[in-house]
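Participant: The structure that follows is given in the form of structure tokens.
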Amino acid sequence: MIANPSHPNHHRIVITGVGLTSPNGNDLQEFRQNLLQGVSGVVPYNIRYVGDTLAGVCDYDELRHQKRKEVRRGTRAGSVGVYCAHETILDSGIDWENQDKSRVGVYIGLTEHGNVETENEVYQLQGYDYDTAYWSHHHNPRTVANNPAGEVSLNLGITGPHYTIGAACAAGNAGVIQGAQMLRLNECDVAIGGGVSESIHTFGIFASFKSQGALAEHEDPVRASRPFDVARSGIVVAEGGCLYTLERLDDARRRGANIYGEVVGYSMNSDASDFVLPNPHRQAECIQLALRRAGLAPEEIDVVSTHATGTASGDEQECEALRQVFGEHCENTFFNNTKSYIGHAMGAAGALELAGNLTAFEDGICHPTINVDELDTACDLAGLVVNEPREVGNIRYILNNSFGMLGINSVVIIGKF
Amino acid sequence: MTLAEIREEIIDILHDIAPDEDLSELKDDVTFRDQLELDSMDFLDIVMELRKRHRVQIPEEDYGELASMQRTVTYLEPLLKDVARVS
């Protein structure tokens, strides 16, 4: 059991701040409003070698929390991380000036890192006949796997632990889970956890999805990301970030913090079956494990935020997993999808998609999955909220799925507080 | 490049490397580090930019010659005298 009323509050972990940038919003309020109004963040995009394609692109003000020199020296993932970290701390209301920075931990989930800088360096190196004397001395600090978390630590003067969690597209949830675990282990008093993505700046990710037959195409960009629709054609790659401020309940209460919700359950497991194809049985086991740890029955979950990316098989497999867990008797459990608005924000996806649902505790609305013109019968979940928001009423528990390549599965359950 | 053109070139490089700095009152006889927030990576950027722009190779033992604008221009003058400034 992770969170149970019998546990001392020291072991109960709550969300007290949210900082995010998404292709359709640069703070939680804007993001939520656009999800309820069906506003997409997918736009035409061009990247070297691949050419014209589509992507979810963020327009946050990178100079809001960084100097020009910091932006120049660092990476896009680092910049996204710094923006989100500042915003989550501001949102939390923590007295940052007097906060013991050695007791703050930074745990950032990543799908990949280093591809952007490596591609850029190789590209410019060809102009110098591949003479490595022209290879940048910035390459290593930009491409070390801890880079985005390290940039957050440098920018904010955080001297507690910082590292990233490589967890493919399950990484956003993994960052939240890591933060919660480190708080429970008393490794820190404030955990900044979530995920970031700079993936739209590497041509390789687009080219690889295209070669795999999994890159979305559509004449209308905002209609391209269409999980569960019979005409879905694949993934729209997106950038973004979402970092949560996590604290132990007793600390949060002591300072009178606003509490968005409680991390009541989580789980991670592995398919151990294929490099890219998901395994619905393992996904179902992951969901069931999170439910068991939370002490919840499936029918107690009000909203399920699906991972579905808009690929032919992936969406179908997740629906199979969801049917295994939620069956026919969960008539008050509703399912939605946020990638249909913003594309797949890779390492940030799980954290962003959870954030998109978090405000439902207050407004009682389940935002829909959009762009469903003809629902694929293989994805016809009884409680799937399609195209229009649904007023659900009192929402007590939100379950957030996030899965990734090499068979990595993650589930986080947040309870209303 | 003339001495004035070399100075212009270095100012141009510094604008890229230290975009938050006001270079309008840079004193040529004072070290860069005493006037600007530059660290060792920034000095390597100056070396790399000169290499990329003009194929000038500056050996590591000469990096100290780039301490101030005056010393940099003096050091580069023989290396760049036959090179045209790229605007």
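The values are calculated or read from the model by the stated rules, or taken from the named source; none is laboratory data. Please read all numbers here as calculations on a predicted model, not as lab measurements. For neighbour counting, all protein chains shown are included, and Cβ atoms are generated from backbone atoms with ideal geometry for every residue, glycine included. Surface areas here come from the heavy atoms of the whole protein model, side chains and all, with no ligands, DNA or RNA. Shrake-Rupley method; radii C 1.70, N 1.55, O 1.52, S 1.80 Å.
Participant: What do you reckon, how do B:MET1, A:MET268 stack up by accessible area (1.4 Å probe), largest on top?
Facilitator: Descending order: A:MET268, B:MET1.
Participant: A further question on this structure: Could you work out the relative contact order of the stretch A:261-391, using alpha carbon pairs under 8 angstrom and six or more residues apart, expressed as a whole percent?
Facilitator: Reported as a whole number, the value is 23 percent.
Participant: As I understand it, the dipole of chain A uses +1 on the Cβ of Lys and Arg and -1 on the Cβ of Asp and Glu, about the Cα centre. Which of A:GLY41, A:VAL104, A:ALA145 lies farthest toward its positive end?
Facilitator: Sorting the options by dipole projection puts first A:VAL104.
Participant: Quick one: 3J(HN,Hα) in Hz for the stretch A:354-360, Karplus 6.51/-1.76/1.60 with θ = phi - 60°, rounded, Gly and Pro as x.
Facilitator: Once θ is set to phi - 60°, the couplings for the stretch A:354-360 become 5, 4, x, 9, 4, 6, 4 Hz.
Participant: Shifting gears a bit: Using only protein heavy atoms and a 1.4 Å probe, report how much of A:CYS169 is accessible, in Å² to the nearest 10.
Facilitator: Its heavy atoms expose roughly 20 Å² to the probe.
Participant: Give the dimensionless ratio obtained when the Cα radius of gyration of the stretch A:100-257 is divided by 2.2 N^0.38 Å.
Facilitator: Working it through for the stretch A:100-257, the quotient is 1.28.
Participant: Do the alpha carbons of any pairs in A:LYS67/A:LYS101; A:LYS69/A:LYS339; A:LYS67/B:LYS81; A:LYS69/A:LYS101; A:LYS339/A:LYS416; B:LYS27/B:LYS52 sit beyond 29 Å of each other, and which pairs?
Facilitator: Going by Cα-Cα distance, A:LYS69/A:LYS339; A:LYS67/B:LYS81 fall outside the 29 Å limit.
Participant: If you don't mind, there's one more thing I want to ask. Over all directions, the average projected area of the alpha-carbon convex hull for the stretch A:54-99 comes to how many nm²?
Facilitator: Seen from a random direction, the Cα hull of the stretch A:54-99 projects 4.1 nm² on average.
Participant: Measuring from centroid to centroid over Cα atoms, what is the spacing of the stretch A:190-233 and the stretch A:359-417 in Å?
Facilitator: Rounded to whole Å, the Cα centres lie 19 Å apart.
Participant: Another question, then. For B:GLN35 and A:PHE417, FRET efficiency with R0 = 51 Å and r from the beta-carbon atoms, rounded to 0.05?
Facilitator: Efficiency for this residue pair is about 0.45.
Participant: A follow-up question, please. Wrap a convex hull around the Cα atoms of the stretch A:279-393, take a quarter of its surface area, and give that in square nanometres.
Facilitator: Here the figure is 7.0 nm², rounded to one decimal.
Participant: Can you give the charge dipole size of the stretch A:140-259 about its Cα centre, rounded to the nearest 20 debye, using +1 on the beta carbon of Lys and Arg and -1 on the beta carbon of Asp and Glu?
Facilitator: Dipole magnitude for the stretch A:140-259 comes out near 200 debye.
Participant: I'd like the carbon and sulfur percentage of the solvent accessible area for the stretch A:308-362, probe radius 1.4 Å, heavy atoms only, ligands and nucleic acids excluded.
Facilitator: Within the stretch A:308-362, the accessible surface is 45 percent carbon and sulfur.
Participant: Another question about this same structure. Over the stretch A:182-230, with a single point scatterer placed on each C-alpha, what log10 of the ratio I(q)/I(0) does the Debye formula yield at q = 0.13, 0.22, 0.23, 0.24 1/Å?
Facilitator: -0.57, -0.91, -0.96, -1.01
Participant: Take the Cα atoms of the stretch A:24-156, find their three principal axes, and give me the spread along each one in whole Å, biggest first.
Facilitator: Extents along the principal axes: 53, 42, 25 Å.
Participant: Starting from 0 in steps of 5 Å, tell me what percent of the Cα-Cα pairs of the stretch A:210-265 lands in each bin.
Facilitator: Using 5 Å bins, I get a P(r) of 4, 13, 18, 11, 7, 8, 10, 11, 10, 7, 1 for the stretch A:210-265.
Participant: List the relative contact order of the stretch A:214-264 as a percent without decimals, with contacts defined as Cα pairs under 8 Å and 6+ residues apart.
Facilitator: 26 percent
Participant: Give a residue-ordered list of calculated ³J(HN,Hα) values for the stretch A:399-410 (Karplus: 6.51 cos²θ - 1.76 cosθ + 1.60, θ = phi - 60°; whole Hz; x for Gly, Pro).
Facilitator: Going residue by residue, I get 10, 10, 8, 7, 10, x, 4, 6, x, 10, 10, 9 Hz, with x marking Gly and Pro.
Participant: Hey, if we sort B:ARG55, A:ARG226 by accessible area with the 1.4 Å probe, largest down, what's the order?
Facilitator: From most accessible down to least: B:ARG55, A:ARG226.
Participant: So, taking all protein chains as they sit and a 1.4 Å probe, how much accessible area belongs to A:ASP131, in Å² rounded to tens?
Facilitator: Looks like 70 Å² after rounding.
Participant: Per the Kirkwood definition applied to all pairs of different Cα atoms, how many angstroms is the hydrodynamic radius of chain A?
Facilitator: Taking the inverse mean of 1/r over all distinct Cα pairs, chain A comes out at 21.0 Å.
Participant: Now for a different question. Can you tell me the FRET efficiency between A:ARG396 and B:ASP82 if r is taken as the Cβ-Cβ distance and R0 is 60 Å, rounded to the nearest 0.05?
Facilitator: After rounding to 0.05, the efficiency reads 0.20.
Participant: Per residue, how big is the convex hull of the stretch A:225-302 when only Cα atoms are used? Give it in Å³.
Facilitator: 184 Å³
Participant: Then there is this: Calculate the dipole size of the protein assembly as shown relative to its Cα centre from +1 charges on Lys and Arg beta carbons and -1 charges on Asp and Glu beta carbons; express the result in debye to the nearest 20.
Facilitator: Value, rounded to 20: 1100 debye.
Participant: A further question follows. In whole Hz and in residue order, list the ³J(HN,Hα) couplings for the stretch A:376-385 that follow from phi through the Karplus curve 6.51 cos²θ - 1.76 cosθ + 1.60, θ = phi - 60°; x for Gly and Pro.
Facilitator: Ordered by residue, 3J(HN,Hα) equals 5, 4, 6, 10, 7, 7, 4, x, 5, 8 Hz.
Participant: Additional query: Based solely on its DSSP helices, what 222 nm [θ] is calculated for chain A when runs of n ≥ 4 H residues each add -39,500 (n - 2.57) and the sum is averaged over all residues, nearest 500 deg cm²/dmol?
Facilitator: That comes out to -9500 deg cm²/dmol.
Participant: Another question, then. Could you tell me the relative contact order of the stretch B:21-84? Use alpha-carbon pairs under 8 Å, at least six residues apart, and round to a whole percent.
Facilitator: With pairs under 8 Å counted, the relative contact order is 38 percent.
Participant: Working from the pairwise distances between different alpha carbons, so that the mean of 1/r is found and then inverted, what is the stretch A:75-145's Kirkwood radius in Å?
Facilitator: Every distinct Cα pair counted, the radius reaches 14.8 Å.
Participant: From the convex hull of the Cα coordinates of chain B, what is the mean projected area in square nanometres?
Facilitator: The number I arrive at for chain B is 5.2 nm².
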